[in-house]
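Structure first, commentary second.
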Amino acid sequence: MTATTTTAFDSGARTQNPWVKLYILLAIAVGLTLYSIGVGAIRVPVWETVQTVFGVGSGKFDYIIQQYRMPRIAMAWIVGTGLAVSGTMIQGVIRNPLASPEIIGITAGAGLASAVLLLGMPEVSVQFLPFVSFLGGLIAAALVYVLAFKRGISPARLALVGIAVSAVFTSGIDYLMTSFPVQLDLALIWLAGSLWARSWEQCIAIAPWILIMFVGCLMMAHKLDVLALGDEQAIGLGVRVEPTRLLALAMAVALAGASVAVCGTIGFVGLMAPHMARRLVGGQHHILLPTAALVGTLLVLIADTLGRIISPPVEVPAGVITSIVGGPYFIYLLYRHRGW
Amino acid sequence: MANTTNSVSTRRVSRRLPYLKAFVISFLLLIIGLLLSTTIGAVEGINAKVFFLSLVQYDGSIEHLIMRTLRMPRAALGALVGANLAIAGLLMQGISRNPLASPGIFGVNAGASLFVALTFTGVYGAAATDASSITLPFVGPLGIVPVAFLGAAFGGVLVYFLGGVASGRVNPVRLVLAGVAVSTLLASLMKGAIILRDDQTDSIVFWLAGAVDGSDWNDVRTILPWTIVGLGTTVYLAVSLNLLALGEDVAVGLGRNIHVIRAIGGLGIICVAGSAVAVAGPITFVGLIVPHICRRLIGVDHRVLLALAPLLGATMMVYSDILARFIAYPFESPAGIVTALVGGPYFLYLTQRTRID
Amino acid sequence: MSRKKYFFKRLSILGLISFLVAIPLTSVQAGKVIKHEMGETTVPDNPQRIVVLEFSFVDALAAVGITPVGVADDNKGEGALIPEIASKLGEWTPVGARKQPSLEVVSSLNPDLIIADLKRHEAIVGELNGIAPTIVLRGLQGTYEDNVASMSVIGEALGLSDQMEKRIAEHRSTIEALAAKVPASESRTVLPAVVWADGFNAHASSSYTGELLEKIGFKNAIQSAPGKPYATMTLENLIAIDPDVIFLMKYSDVTIVDGWKSNPLWNVLKAVKNNQIHVVRTTLWAKFRGMIAAEIIAADAIKLLY
C-alpha cells in the first residue's frame, strides 16, 4: 500500500509528511496540558504550579494540582483517546464520515442504564455507575448489531437501526427523568458529560483498557484501510469482511463504552476528532488512529479547561461545550459531504 | 434521476380497507377515545351522561365545569395536537419522499423546544431575569407560538438542506443522520441551559417529554387555526404530492413546480408542528408512524390520506393521553412518554422494513 | 515504506501518551470517629474551618453559632440563604453549585471538615476526603426526623455535642410549643406546593415540609408513602383533593395558578372560598431544611392560619 492510496471518503488531505503533523499535534496537546494544569477557579502562581507538579511545592496547592487538576486532565487524555479512536473505527466500518459512537447506540444505551441507576434505584450506590453504564452501552450496541444484521451488515442499515434504538432508549431516559425528579440534577450532569472530580483511581482503572484497545486498533489499521475500499475490493484483497467489521465494531464499542462509563456522554468528540485527523494526515489508519486520538484529547481538554474558566467556581460540563462546538462542525461536514 | 433505487419504499399491502370502512372505524375510535378521555380523571362520577348534559343542558355545577373547562379542552387539544403532528409527518414524508421523515427526526421538534425552553430559562432574551417575565403558554399564547415557529423553522430548514432534500440527493439514512445530529446539537444546548439554571429543572424536563394535561381552551384556540392551515396545505398539495411520489421528473413533466411545492409544504409543516410543540411540548413518533399506518390501511393517495392521517393522529394522541394518566394515577405523567413507548418499537420495525441501497 | 518502522513509531507515541503518574498523599491526624451515612470518618476534635455543601447543613452550623468557611450557594451569594440564617453568619466563601461544587475552591479554603449530602455528593466523597475529613448526611433527601438526627451528628463532628443537643432539645420544645397552638380539633388539611410557570408540584405528607406540618398538627391533603414525596397535579387533581389550606412556593413571578384563577372552578376550591391560599417564602419552604428553618416554617404556618 502506498501513501497515496485514497479511501472512500478521503477528504484529499495533503499527506506529504503526516508524522511531522502528528508530533506537532502532540506538542500542542502537551502544551495545553501544562496550561490546563495552571488554570482554574483558584489562581496558583506559575512557578508554584511547576514545583507542585513535580512534588516539590510548598504543599499548599498539592490537592488542587495533584489531586484535582492532574487526574481530570489525565482523564481528558484517556476519554479523548477512547472516544476519538472509537469514532475512527466506526467511521471506518460504516464507511461514512458522519457516523460516531452516538450513532450505534452506545451513548443512549449507557445513558439509559445510568438513568435507571441514578433515577430509578436511588438507594443503589453510585459507585456502580461506570459498570452499569458500560454494560448499557454494550447491550445497546449488541442490540443494534443484531437488529441490523441481514446477511451481513450494511453500513447504512447499521446507522439507521442505531438511530432508531437510540431514539427508543432516549424516550426511556425521558420517562425516568419525568417520573423520578428527585435525583434529576445528578442525572443531568451525568448525561451532559463532565470530567468534574475524576480521581486517579478512576484513571488507573480505565487507562490500561483504553491503551490495550488502542494498540489493538492500531494492529487492525491495515485491514481497516482495505475495508475502506469497499466490500468487493476488500474481499478481493483477502480480507474477511464480516469478522473484521465485527471485531472493529466490538473494539469501538468497548472504547466508547469505557469512556462514557467514566465521564458520561461527551458528545461529538467521536465524530469530530476522526474527521479533523483525516483532514490533517489522510485516511490511512496507522497514522489516522494516533492523530485522531490526539485530536480527541485536545478537544476534550479544551472543553474541560474552558468549562472550568468560563464562570468559576461554577463549572460548565465539558459535554455541553463539545456539543456546542461539535454541532455546527457536524452541520458543516454534512453540508460538504456528498455521499449518502 | 435514479431515485427509485436510492429512495425507500415500504412494501405495498395488497388488501386495503375500503376508504369508507377505514374512516368510519377511525372516527368511531376517536369518538370513543374522546368520551373516555373526558370521563376518566381524578374527580370521580363524571361520566358520559355529564358529557352530554354539559353540552345540551349546562347548569354550571362542578361536574359540568370540570367537563367543560378541563376535560373537554384537554381531549380536544390532544386530538388537535395529534392531528397536527400527523399532518406534519404526512407532508414531510410526501415532500422528501422519505418514509422516515417526521417532526421528531427532522429536528423540527428539537428546534421548537429549544427555543421555547430558552424562553423558559430566560436565556433567550437575555434581559429577562425571570423566566415568567417573557412568555408563557397560558399568559400569552401569542407570545410562545412565534418562538416555537421560529425554532421549528430553524431546526427543520437546517435538516431539510443538510439532509439533501433540497438538492434532490434523497437518501433516508442521510436525512436521518442530519436530523439526529441537529437534534443532538439542539438538545445539548438545551441541557446546558437547564444545567446552568437550577431552579426550573423539573418543569422543563416535564415539559420536554410532551403533555397536554394542563391545557385549557386558550391552548385549543392557539392551535386550531394552524390545524386548519395545515389541512388546507395538504388539500392544496395533495395532487402534487401524488405526482411527486412518482418521481420528481414526473411531477415537473406534468407542470408542477417542485420549489413551490416544497416551499408551501415547508411553511405548512412549520405551522402545524410548531404550534403543536408550543402547546404540548415535543411529542415524539406520532408524526412518524401515523402516516405509515394510514398508508397500510388505505394506500398512497394523498387525497384520502390527508383526511385519514389527522383522524388517526388525533386518535393516537387521545389514547396516549388517557394511558398516561394511569402511569402515576391519580397524578399526571406526560403523554409523550406513551407515544414514545408505542412509537419507538414501530420505528424500529420500520427500519427493518426499509430498503436501503 | 516499511511496516516495521511504523511499529516503532507507534510504540514511541504510546510511551508518550502514558506519561502521567500519580502521587497520592494523605495524612491521618488524631481526632474522634464520627459515624455517618457512608461509614466512619476520623474528624479533628475541634474543627474550625468547615465547608458545607447543602443548605440544611448551613442551618445546623448557624444553630450553634458557627460560620462555615465555604458554602455551596449555587452562585447566588447571600440570596441563597434565608435572612434569619444569613444574619447569624460571618464571612464565607462561595464554592460553586451544590450539585457540582468546585473542589479547587473547597481545597483552597483549607477546611478541616466537610459536610456533604448523601445523594448529591456520594460519587465524590473520595475526592472530598482527599481534601479534608468528610461526613456524609441526608440533607436533600431525608425526612424531618432524618434531618434532626443529622443535626446531632453534625454537633458531634463539630465537637459541640452538648451545645447541639441543647439546641435540639430547644428545637423540640419550640416545635411542641408551636404544635400546642394548633387546637387538637384542627381538622383542616394543608397542601404545600411548588408552582412554576407551567406546573404545580405538591409536597405530600412524606416530603420534608409535609412531615413538618403534620408534626405540628396539620394533616397533609395527600397522604403519600415514604419515597413518594411529590405529586405533579392539574387543576382537576386539586379539585379532587380539595385541601383546606394551600401554601404556594413560587418559583417564578407568574405561575400556572394565575392561569387557573380565570377558571370558575378555581372558586370552587375550599381554600379559595375561605381565603386560605398563602404564598410563602420559596427559599425557606422549598430549599431549606434544618432546625432554624423548621421553626420559622412552623411559626409562619401557624401565623398564617390563625
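The values are calculated or read from the model by the stated rules, or taken from the named source; none is laboratory data. Nothing here was measured: the structure is a model prediction, and the numbers come from that model. Neighbour counts run over all protein chains shown; Cβ positions are idealised from the backbone, glycine included.
Do the conditions hold for residue A:245, that is, is it more than 14 Å from every other protein chain (Cβ to nearest Cβ) and in contact with a strand residue (DSSP E or B) (Cβ under 7 Å, 6 or more places away or on another chain)?
So residue A:245 fits the description; yes.
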Could you please tell me which pairs satisfy a Cβ distance under 9 Å, a separation of 6+ or placement on different chains, a first residue in region C:221-232 that is in the same structural domain as residue C:206 (by TED's automatic domain parsing) and polar (S, T, N, Q), and a second residue that is at pLDDT 85 or above and part of a loop (DSSP other than H, G, I, E, B)?
-> C:223/C:204; C:223/C:205; C:223/C:206; C:224/C:204; C:224/C:205; C:224/C:206; C:224/C:207
In region A:299-316, which residues are among the hydrophobic types (A, V, I, L, M, F, W, C), within 17 Å of residue A:81 (Cβ to Cβ) and either facing chain C (nearest Cβ under 8 Å) or crowded, with 23+ Cβ neighbours inside 10 Å (or both)?
-> A:299, A:300, A:301, A:303
Do we find a residue being under 15 Å from the mean Cα position of the chain (by Cα), at pLDDT 85 or above and within 20 Å of residue C:71 (Cβ to Cβ) anywhere in region C:154-177?
-> yes
Pick from region B:267-302, criterion outside any helix (DSSP H, G or I) and surrounded by 24 or more Cβ atoms within 10 Å (Cβ to Cβ), ranking: farthest from the chain's Cα centre (by Cα) | B:281
Pairs under 7 Å by beta carbon, first residue within 26 Å of residue C:83 (Cα to Cα) in region C:263-288, partner among the acidic types (Asp, Glu) and in a helix (DSSP H, G or I), six or more apart or different chains?
-> C:280/C:300; C:288/C:59
Can you give me the ranges of the helices (runs of 4 or more DSSP H) entirely in region B:136-243 with at least 2 residues that are at pLDDT 75 or above, under 16 Å from the mean Cα position of the chain (by Cα) and of a type in the set (A, V, I, L, M, F, W, C)?
-> B:141-162
Does residue B:29 count as assigned to a helix (DSSP H, G or I) and buried (at least 22 other Cβ atoms within 10 Å of the Cβ)?
-> no
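If you check residue A:194 against the conditions, is it within 20 Å of residue A:271 (Cβ to Cβ) and in contact with a Pro (Cβ under 7 Å, 6 or more places away or on another chain)?
For residue A:194, the condition - within 20 Å of residue A:271 (Cβ to Cβ) and in contact with a Pro (Cβ under 7 Å, 6 or more places away or on another chain) - is met.
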Single residue of B:48, B:117 found to be within 13 Å of chain C (Cβ to nearest Cβ) and either within 30 Å of residue A:160 (Cβ to Cβ) or surrounded by fewer than 21 Cβ atoms within 10 Å (Cβ to Cβ) (or both) | B:117
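Considering only residues that are outside any loop (DSSP other than H, G, I, E, B) and among the acidic types (Asp, Glu), look in region C:25-84 and name the one that is nearest to residue A:65 (Cα to Cα).
In this case the residue turns out to be C:40.
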What is the number of the single condition among (1) buried (at least 23 other Cβ atoms within 10 Å of the Cβ); (2) outside the structural domain of residue C:48 (by TED's automatic domain parsing); (3) in contact with a helix residue (DSSP H, G or I) (Cβ under 7 Å, 6 or more places away or on another chain) that residue C:147 does not meet?
-> (2)
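Considering only region C:230-251, state which residues are in a loop (DSSP other than H, G, I, E, B), crowded, with 22+ Cβ neighbours inside 10 Å and within 12 Å of another protein chain (Cβ to nearest Cβ).
Of everything in region C:230-251, those that are in a loop (DSSP other than H, G, I, E, B), crowded, with 22+ Cβ neighbours inside 10 Å and within 12 Å of another protein chain (Cβ to nearest Cβ) turn out to be C:233, C:234.
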Among what's in region C:130-149 and is at pLDDT 90 or above and of a type outside the set (A, V, I, L, M, F, W, C), pick the residue that is farthest from residue C:55 (Cα to Cα).
-> C:133
Every pair of residues 6+ apart whose Cβ atoms lie under 8 Å, when the first sits in region A:87-112 and is among the acidic types (Asp, Glu) and surrounded by fewer than 24 Cβ atoms within 10 Å (Cβ to Cβ) while the second is assigned to a helix (DSSP H, G or I) and at pLDDT 85 or above | none
Applying the selection to region B:219-242, what residues are over 15 Å from residue B:78 (Cα atoms), crowded, with 20+ Cβ neighbours inside 10 Å and not polar (S, T, N, Q)?
-> B:230, B:237, B:241
